[in-house]
Amino acid sequence: MTDVAVVGSGISGLSVAYRLKRAGADVKVFEKEDKVGGNIQTKIVDGYVCELGPQTILADKKVEEFLSLANIKPIYAKEEAKIRYIYKKRKLIPLPLSPVSFLTSPLFSLWGKLRVLKEPFVPKSIKSEETIAEFVKRRLGEEFLDYVVDPFVSGVYAGDVKQLSVKYAVKRVYELEQRFGSLIKGAIKLKALGPAGKLIAFEGGNHSLPSELARSLEVDLENVVLKIRRKDDKFVLETRKGKVEAKAVVVSAPATSAGYLLRDLSWSVAQEFDQIYYAPVVVVHVATRDPIPPGFGFLVPRKEGKRILGVLFSSNIFPDRKGNLLTIYLGGATDPQVVEEEDEIILGIVEEELKEILGINATLLNITKWKKGIPQYNVGYGRYYELVEMLEKENPGLFLTGNYLNGVSVADCIRNSEMVSKRVLEFLQR
């Protein structure tokens, strides 16, 4: 019998497993696919490093400490990656990065700027929960919503600002209002508004991260876990290759897969997990011989009427990348049907809009379709945290983790793994 069975070898599962292994626990990871990493996958096409999932990681102190612990060396973004654009009225406008550049930026009208400056005097909402759209319109105005927050949410969540919960999707922003009564006042006191950290990737592509973690772990590839049930004071996992017993189980699979696995422990919770919506995302990689602007890339507000959500100037971001490579995103919660289109139609959309926005011609390298891409922390999402807490309480030794809990980013998953692994070790010691 193993100490801990980890179901799923995405970054959440591997980070927890790695920490547990270092602490001396006997850990076994189960993965249904033939390779680790979940949606962190890299494909090399004609020498271009094409990231099929997350392109970059914003590494704060906690993330860098974990990478150091695992002896994994990141590569850091170039200085020019700080330059980012918003597409507005057929132009790429640099996103203002300072109060002075905000006041002089053509991205906002005079009224839009004055509306933002009014923010410290806006009272808190009396509602228990708001959408991001409701929150931002109330505090910062519609223009800021349309041309900063909406494209940002499309870029991070592939989400719909009219559905996502400010309390759960952008918790840091929500807490600024709760603590300080104002985003601007809070940002001044904390000396930051957005998340802190350095932009990183890994030599050879981001799949190097899960691949390196897996090297020191026992990972059973191409072995589907079909069912998890309790038997006395242990868990029995029924897998394609046979039964496995474990003192504790960490389920790090996506919510819908987790629901299927947990149906014997709680049928009602399993059905609830099936309701978590994952927005589809299409990732297109193209190469061009034409010059591209300096910087990280650009986002496209939904108001501009394009199908593209955003474009990364991938070869600009890290020093080891071959140029000129662009990564284009389509789909999301506001345009989910694009994932069902034929590749030729998707390429046609990309070619037409790149020509219009950047004036370039492009050669297709790869198209990846994630039909269940990014979990959406929509209004009412708090009930899933309550369900997880209830399920874990009723089944001591069961732990749930993944990007549908406490943040969708790779950095979120790595940070969360510290707390999950501590709780598992405490259980084993008891």
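Considering (1) farther than 17 Å from residue 148 by Cβ; (2) open to solvent by less than 20 Å² (accessible area, probe 1.4 Å); (3) hydroxyl-bearing (Ser, Thr, Tyr), say which one residue 87 fails and leave the rest.
Exception for residue 87: condition (1).
Would you call residue 72 surrounded by fewer than 20 Cβ atoms within 10 Å (Cβ to Cβ) and either under 18 Å from residue 295 (Cβ atoms) or at pLDDT 95 or above (or both)?
Yes.
Test each condition in (1) at positive phi; (2) in contact with a strand residue (DSSP E or B) (Cβ under 6 Å, 6 or more places away or on another chain) for residue 71 and report the one that comes out false.
Failing condition for residue 71: (2).
Considering only residues that are more than 23 Å from the chain's Cα centre (by Cα) and of a type in the set (D, E, K, R), look in the stretch 285-328 and name the one that is farthest from residue 367 (Cα to Cα).
Ranking the qualifying residues of the stretch 285-328, first place goes to 303.
Among the residues of the stretch 372-430, which ones are under 19 Å from residue 22 (Cα atoms) and part of a strand (DSSP E or B)?
Matches in the stretch 372-430: 399 only.
Answer yes if at least one residue in the stretch 103-112 is within 21 Å of the chain's Cα centre (by Cα), open to solvent by less than 40 Å² (accessible area, probe 1.4 Å) and in contact (Cβ under 8 Å) with a residue 40 or more places away in the chain, and no otherwise.
no
Using beta carbons and a limit of 9 Å, which pairs, at least six apart or on different chains, have the first residue in the stretch 409-430 and farther than 17 Å from residue 70 by Cβ and open to solvent by 40 Å² or more (accessible area, probe 1.4 Å) and the second one at pLDDT 95 or above and of a type in the set (Asp, Glu)?
Partner pairs satisfying both residue conditions: 423/392; 428/3.
When you go through 209, 265, 213, 226 one by one, which is the residue that is more than 21 Å from residue 403 (Cβ to Cβ) and not in a strand (DSSP E or B)?
265
Check residue 193 against each of (1) over 17 Å from the mean Cα position of the chain (by Cα); (2) assigned to a helix (DSSP H, G or I); (3) modelled with pLDDT under 95 and name the one condition it does not meet.
For residue 193, the exception is condition (2).
Consider only pairs whose beta carbons are under 7 Å apart and that are at least six residues apart or on different chains; among these, list those whose first residue lies in the stretch 291-306 and is within 13 Å of residue 326 (Cα to Cα) and whose second residue is open to solvent by 40 Å² or more (accessible area, probe 1.4 Å) and of a type in the set (Asp, Glu).
What qualifies is 294/80; 295/80.
Here is a check on your reading of the model: is residue 258 under 20 Å from the mean Cα position of the chain (by Cα) and surrounded by 18 or more Cβ atoms within 10 Å (Cβ to Cβ)?
Criteria met by residue 258.
Please enumerate the residues belonging to the stretch 52-66 that are farther than 27 Å from residue 369 by Cα and surrounded by 19 or more Cβ atoms within 10 Å (Cβ to Cβ).
63, 66
Out of (1) more than 30 Å from the chain's Cα centre (by Cα); (2) part of a loop (DSSP other than H, G, I, E, B); (3) of a type in the set (Asp, Glu), the odd one out for residue 245 is which?
(2)
Testing residue 162 on (1) in a helix (DSSP H, G or I); (2) open to solvent by 10 Å² or more (accessible area, probe 1.4 Å), one condition comes back false. Which one is that?
Here residue 162 meets the rest and fails (1).
Just to be sure before I move on: is residue 126 among the hydrophobic types (A, V, I, L, M, F, W, C), open to solvent by less than 40 Å² (accessible area, probe 1.4 Å) and on the phi < 0 side of the Ramachandran plot in the structure I sent?
Here the answer is no, as residue 126 does not meet what is asked.
Restricting attention to the stretch 4-40, which residues are open to solvent by 10 Å² or more (accessible area, probe 1.4 Å), in a strand (DSSP E or B) and aromatic (Phe, Trp, Tyr)?
none
Here is a list of conditions, (1) of a type in the set (D, E, K, R); (2) closer than 30 Å to residue 152 by Cβ; (3) in contact (Cβ under 8 Å) with a residue 60 or more places away in the chain, and residue 245 meets all of them except one; can you say which number that is?
If we test residue 245 against (1) of a type in the set (D, E, K, R); (2) closer than 30 Å to residue 152 by Cβ; (3) in contact (Cβ under 8 Å) with a residue 60 or more places away in the chain, just (2) comes out false.
The values are calculated or read from the model by the stated rules, or taken from the named source; none is laboratory data. Just so it is clear, the structure is predicted and the values come from calculations on it, not from any experiment. So basically every Cβ, Gly included, is an ideal-geometry build from the backbone, and we count neighbours across all protein chains shown. Side chains included, ligands, DNA and RNA excluded: accessible areas come from the protein's heavy atoms. Shrake-Rupley method; radii C 1.70, N 1.55, O 1.52, S 1.80 Å.
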